[in-house]
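Below is one structure; the comments refer to it alone.
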Amino acid sequence: MYPTKYHKANSLQEAFELYKSSQDASFLSGGHTLLPVMKQGLAAPSDLIDLSFIDELRGIEVTPQTVVISSMTRHMEVASNNDVIRAVPCLAALAGSIGDRQVRFKGTIGGSLANNDPAADYTAGFLGLGGHVETNLRSIAAEEFFVSMFQTALKPGEIIKRVHLSIPKSAGYAKFRAAAARYSMVGVFVARTELGTRVAVTGAGQSGVYREKSLEAALNQNFDATSLEGIQISSQDLIEDMHASSLYRANLIKVLAKHAVLNMGGIVNLK
Amino acid sequence: MTSISLNVNGKSHDLEIEDNTLLVTALREHLGLTGTHVGCDTSQCGCCVVRLNGESVKSCTTLAIQANGGKVLTVEGLSVNGELHPLQKAFKDNHALQCGFCTPGMLMSALDLIESHEQVLTPEVVRHQMEGNLCRCTGYHNIVKAIVQASKDMKSSSLS
Amino acid sequence: MKDFVFNSIGQSLQRNEDERLITGKGRFTDDFSLPEQTWAWMVRSTHPHAWIKSIDTSAAMQMPGVLAVFTGKDCLNDQLNPIEHNPVPSTQYDVKLRGPNDSDIFLGYHHLLPFDKVRHVGQALAMVVARTRNEAFSAAQMVIVQYEELPTVMNSELAIKSDAPIVWDELPSNVLVDATFGDIQATEKAFEAAEHIVCFKSHVSRVTGVTMEPRACLGHYDPKTDRYTLFAGSGGAVRQKSELAKVLGVEADRLRVISHDVGGNFGTRNRAYVEFGLVLWASKKLGFPVKHRADRTESFLSDYQGRDLVTEVQLALNAKGKFLALKVDNLSNVGYCCVSLSPLSKGSGLVTGSYDIATATLRSRAVFTNTMATQAYRSSGRPEVTFAIERVIDRAARVLGIDRLELRRLNLVQTHQMPYTNAIGSSYDSGEYEENMNRILELSDWSNLDQRRQEAHARGKLLGAGFANYVESSIGSPKERAEIIVHPTQIEVIIGTQPAGQGHETSFAQVAADLLGVEFNRVFITLGDTDIVTAGGGTHSGRSLRHASAVIALAVEDLRALGVRHAAHFFNCKPEDVLYENGHFKSISSVNSVSWFDLSIQLANGEGPQSSLKELRVLRDNEMHTPVYPNGACVCEIEIDPETGGVDIKRYSAVDDVGRCINPLIVHGQTHGGIAQGVGQALWEECYLDQTSGQPIACSLMDYGMPRFDNLPSFKTEIVEVLSPTNPFGIKAGGEGGTTPALAVVMSAVEDALWPVCGPVDFDLPATPQKIWNALQRGKAH
């Protein structure tokens, strides 16, 4: 790892000031994406600004319409929060399925969304449920938040304060994990909302998480696994790599959507 | 160089470290506690797992400075007054280690797993929750047995 | 095994090693530090094949903390020698490989750092030494290498072609080994007369050991004693000492190698690494100890890798299914230089597997490519050939319409045929193969398979059951040395094996304790420090317990003779009047007896005999060439989810004949671990190379799939003990039988599951969900 200077930020304002006065700073939350990348020498921020001790960035609040998770809330906390479990059980289960136990003690929703890994689970949950991200500068709707693989609409120095996730009528998540990395090779999040069905797909799209319109249209017609049968998912914009072809991913999208629909209210982890 | 303090296995230490020093490096090289191991560079193998402020963390993916002022428990702190911890004893009874390199991380992960579950663990729960720890020697069979046994021993001893 | 009692042998005793390992007091290489030690970081080639035009170290030298940057030119100037690996197995019974046209085998040169060309991605071509590891890393990024790219070849079948890019200019082609064995005429005749000929071809994938402890080394030169010390995990400290001494150009006694706790070997540590020589050399040049610890990525790139064999087998049968003859063509990818030919050689001896086949021919070839060097990996060569024979038999069963178990029974080597010499000349010492089959079918509940298959089908899953017999060989370095010292309260046994988890400190103590007639906890085993262990064969190929027990038994005989003379002095009688029984000596005229420890205390008190019998201590060498043949059978039951191609292993059962089992707990553990490594290769593991660019892609645990807690089942393993007539204890070996049939049995299960939809499996290992799903789509389309 290259040398770096560490700062523990005690407030959001302090974090922002530190960022502006640094040469090339990165924000540090759970560290389980940033630190491995720094260890491999692929990233070398001059300064690390640790957000995880900022009180106002911790906490979960559930209102009748939304689950509001502050950005430094860890996956373990979301997974075991009774209010979230009651309001959107699938979201709690999703958080409980990320990485492994030790990752869940450190990883945060803010870090996950800001990183926009093309195979992350939270991105599918957020885009699937809909809602907005509240930063220190503004609000960004879920539809505008994800730009492309590893890219979001966040400006340099912009910090996610809270994630507002709309509570659906019901939601389900199904994933099939890659053997090595244990990230979702494909993950499909299905939510039934007042405005119709939302189907968010992670792990498959070349630009990262996206909504699969063909499946949404079919489920809006008839919310049933059978209505997915005739759908052809195009493999054109899907990822092709050593682990899976785009055709295979297209197949997984359909299969996982079906499992999500058949198991609304929970999570399906296919072996 | 930055000064930090760590309470490790009940003892307080003042250390001078670089900001980019990993917690595992501070433990191994600054404090000479070589029981915690480094097995990979993608935070996937679990050989480096310790308990930090009551939580199970990978010490290779934590900067020492992030742990400043905190409490760390490593494998060296498991046995008390020379008495093996029930987990250590269960590992020995069940031949749950061969080369021993993954073992400290296994023990620390298992400790957290057992203590965070009210019920005795089943093999299914163990297999699912221990996925962050890799072993190349044992095929996991005996480690599962050991952790299940330890969870029984620890639950029954906490009742008595 | 005439006159002593088995108290410890055969018992599932808990291990002596465990106490330190479960309390964090293990002594792995990176746990050692020396005052003022410096750190090395290697600069590695990013090209698979290229001239090194220049290496600019000037920027790196300016970086903070840097002491030196060394290149291949520096090694040349200091006349460092390449590592001589002696890759051709030299024991009496190993199959004799030769170069093309019966020439001597050209091995390539394994220089510590190359001065002319790089020949694989990841090859070290410079070493930075700095005060801290981070500083060495930062400086290494500043080393600028200019390459002139050369054409590359990665795949072995392409490398044997006449127009393939040449890896070593010293050879006209890339083929270093081309030898044919067996009776060509008789085999041809048998094939001509055969009713059926069934073929099978497969490329057994390349994998890597992934020892949980990444390799590491710490080198130190002491000018006061003019001696070097190397801390490094190895598969045999004695071997590495003599090899590295030759590299440095010094006498072997100038070097001390220390391998204490080793975090897994599986073959990857059987040969010295360039960093070991480099840190020793650098420590003398710089006047500081030098340490290197590989990253996991570095391990994936530059650990010695395993397998990578293209095997083509043809089986000739008569109408009733009797195996008449076998033709095999094996092509081994040794990588950029030849480090070990053990996989090709060991496999060669076992191509007929557990079956009585009258005649066979085998062509064994090895080829250079622009990839990392391969060498022995868990059961070196045997899983590959077991895969070939068992899979072709599965296919033959389908072709002939005979049940695959019946076809095997019909052709098994029978117990009464033992010792059995196969068509390649390997003499199987002992075994009851049909008993193994009967036992595994019971253990795996084979008879209720159809019921489970239907039940799985009702859940939308495809159930598959795989079956495999195996026989494997354990030969290994023929020489071993034991020293036994009786201390006042403990007996020390010094031995030259090198465990990395196999429990030698326990099983050897069990053997010694029973031989000496003492309690198990009175014996301790010393290993791994060449200043104490003066000779020994290391650990590989399942050799350790067999060789160690044999030489310890001989040493105990010598020690008894010595003990008798000490006891004679004690009782003040003639040696002929001393009786020995179960660890105690007495004179024929006395009632009292003395133990080994009494005699040792007498010596310590200065009351020993006045002659040259200063210590109760012996040293004994032994040499054994005769191989043994562990054997067994296994069954694997899987369910495939046709929607995803995902595989769920429901059951895995194994029966293993290990000869006499010293410690069942340890042997079961070895079987479990061996199974895991075999299943890993069958389903997830692969050193995946991009064929166009030559770049290894699976260079971290993010891309290299591993056996884990949640993708393996619990196992049903049973030990069988058919004593081998070849060594005093009847030991075969228990370390590799778990892996040997695993590739075959998993693929057999996959094919069994897919056959109704796809017919024969048309893809190679690993059987990933993607490949299985593709096969199902193709099958459905027809």
When restricted to C:His260, C:His203, the only residue under 29 Å from B:Thr103 (Cα atoms) and over 17 Å from the mean Cα position of the chain (by Cα) is C:His260
Checked C:Val210, C:Val198, C:Val238 against criteria (in contact with a Phe, Trp or Tyr (Cβ under 8 Å, 6 or more places away or on another chain), of a type in the set (Val, Ile, Thr) and either at pLDDT below 95 or not assigned by TED's automatic domain parsing to the domain that holds C:Gly381 (or both)); the one match is C:Val210
Picking from B:Gly139, B:Gly132, the residue that is under 12 Å from C:Pro713 (Cα atoms) and surrounded by 16 or more Cβ atoms within 10 Å (Cβ to Cβ) would be B:Gly139
Exactly one of C:Ala59, C:Ala68 is outside the structural domain of C:Tyr580 (by TED's automatic domain parsing), outside any loop (DSSP other than H, G, I, E, B) and either touching a helix residue (DSSP H, G or I) at 6+ places or on another chain (Cβ under 7 Å) or of a type in the set (D, E, K, R) (or both), and that one is C:Ala68
Within the range A:9-40, residues in a strand (DSSP E or B) and not polar (S, T, N, Q) come out as A:Ala25, A:Phe27, A:Leu28
Going through the range C:500-555 in order, the residues found to be surrounded by 22 or more Cβ atoms within 10 Å (Cβ to Cβ), part of a loop (DSSP other than H, G, I, E, B) and more than 22 Å from the chain's Cα centre (by Cα) are C:Val518
Taking the conditions exactly as written (small (Gly, Ala, Ser), within 11 Å of chain B (Cβ to nearest Cβ) and under 28 Å from C:Pro630 (Cα atoms)), does C:Gly659 satisfy them or not? no
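For every residue, the table says whether it meets (1) hydrophobic (A, V, I, L, M, F, W, C); (2) on the phi > 0 side of the Ramachandran plot; (3) in a strand (DSSP E or B).
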residue	(1), (2), (3)
C:His111	no, no, no
C:Phe115	yes, no, no
C:Glu148	no, no, yes
C:Trp168	yes, no, no
Residues in the range C:18-35 that are under 23 Å from the mean Cα position of the chain (by Cα), of a type outside the set (A, V, I, L, M) and within 7 Å of chain B (Cβ to nearest Cβ) total 3
Selection from the range C:413-437 of residues assigned to a strand (DSSP E or B) and either out of contact with any strand residue (DSSP E or B) (no Cβ under 6 Å at 6 or more places or on another chain) or of a type in the set (Val, Ile, Thr) (or both) yields C:Thr421
Being touching a Lys or Arg at 6+ places or on another chain (Cβ under 9 Å), surrounded by fewer than 18 Cβ atoms within 10 Å (Cβ to Cβ) and either farther than 20 Å from C:Val167 by Cβ or of a type in the set (A, V, I, L, M) (or both) narrows C:Asp78, C:Asp74, C:Asp104 down to just C:Asp78
Contact list, first residue from the range A:18-35 and in contact (Cβ under 8 Å) with a residue 12 or more places away in the chain, second anywhere and surrounded by fewer than 17 Cβ atoms within 10 Å (Cβ to Cβ) and not in a helix (DSSP H, G or I), beta-carbon distance below 7 Å, six or more apart or interchain, is A:Ser22/A:Ser46; A:Gln23/A:Ser46; A:Asp24/A:Ser46; A:Ala25/A:Ser46
Residues of the range B:111-139 being part of a helix (DSSP H, G or I) and either closer than 12 Å to A:Gln102 by Cβ or within 10 Å of chain A (Cβ to nearest Cβ) (or both), in sequence order, are B:Asp112, B:Leu113, B:His128, B:Gln129
Out of (1) more than 21 Å from C:Asn448 (Cα to Cα); (2) within 12 Å of another protein chain (Cβ to nearest Cβ); (3) aliphatic (A, V, I, L, M), the one C:Ile638 does not meet is (1)
Quick one: would you say C:Glu442 is assigned by TED's automatic domain parsing to the domain that holds C:Leu754, within 23 Å of C:Gly738 (Cβ to Cβ) and assigned to a helix (DSSP H, G or I)?
yes
So, first residue within 11 Å of C:Asp178 (Cα to Cα) in the range C:90-117, second residue assigned to a loop (DSSP other than H, G, I, E, B) and of a type in the set (Gly, Ala, Ser), Cβ within less than 8 Å, six or more apart or across chains; the pairs are C:Pro100/C:Ser173
Looking across the range C:170-196 at residues that are under 31 Å from the mean Cα position of the chain (by Cα) and in a strand (DSSP E or B), the single one that is surrounded by the most Cβ atoms within 10 Å (Cβ to Cβ) is C:Leu176
Residue hits (the range C:71-101; part of a strand (DSSP E or B) and under 26 Å from the mean Cα position of the chain (by Cα)) are C:Gly99
Across the range C:643-676, the tally of residues that are in contact with a Lys or Arg (Cβ under 6 Å, 6 or more places away or on another chain) and under 30 Å from C:Ser8 (Cα atoms) stands at 4
Here the residues within the range B:50-83 that are in a strand (DSSP E or B), more than 10 Å from every other protein chain (Cβ to nearest Cβ) and free of Cβ contacts under 8 Å to residues at least 40 places away in the same chain are B:Val80, B:Glu83
When the range C:747-767 is checked residue by residue, the ones that are within 14 Å of chain A (Cβ to nearest Cβ) and either small (Gly, Ala, Ser) or buried (at least 22 other Cβ atoms within 10 Å of the Cβ) (or both) are C:Leu765, C:Pro766, C:Ala767
For helices (runs of 4 or more DSSP H) lying entirely in the range A:54-107, having 3 or more residues that are away from every other protein chain (no Cβ under 13 Å), touching a strand residue (DSSP E or B) at 6+ places or on another chain (Cβ under 9 Å) and at negative phi picks out A:82-87, A:89-95
Considering residues that are away from chain A (no Cβ under 11 Å), among the β-branched types (Val, Ile, Thr) and in a loop (DSSP other than H, G, I, E, B), the number found within the range C:679-715 is 1
All-but-one check, A:Ser46 against (1) touching a residue at least 24 places away in the same chain (Cβ under 8 Å); (2) touching a Leu at 6+ places or on another chain (Cβ under 8 Å); (3) outside the structural domain of A:Ala92 (by TED's automatic domain parsing), failing number (2)
Open item on the list: I'd like to know if the range C:476-498 contains one or more residues that are among the acidic types (Asp, Glu), within 14 Å of another protein chain (Cβ to nearest Cβ) and out of contact with any helix residue (DSSP H, G or I) (no Cβ under 8 Å at 6 or more places or on another chain).
Closed with: no
The strands (runs of 3 or more DSSP E) lying wholly within the range A:146-240 that contain at least 3 residues that are within 14 Å of another protein chain (Cβ to nearest Cβ) and either closer than 15 Å to A:Val255 by Cβ or basic (Lys, Arg) (or both) are A:170-177, A:184-193
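The values are calculated or read from the model by the stated rules, or taken from the named source; none is laboratory data. Note that the coordinates shown come from a computational prediction; the quantities given were computed from them, not determined experimentally. So basically every Cβ, Gly included, is an ideal-geometry build from the backbone, and we count neighbours across all protein chains shown.
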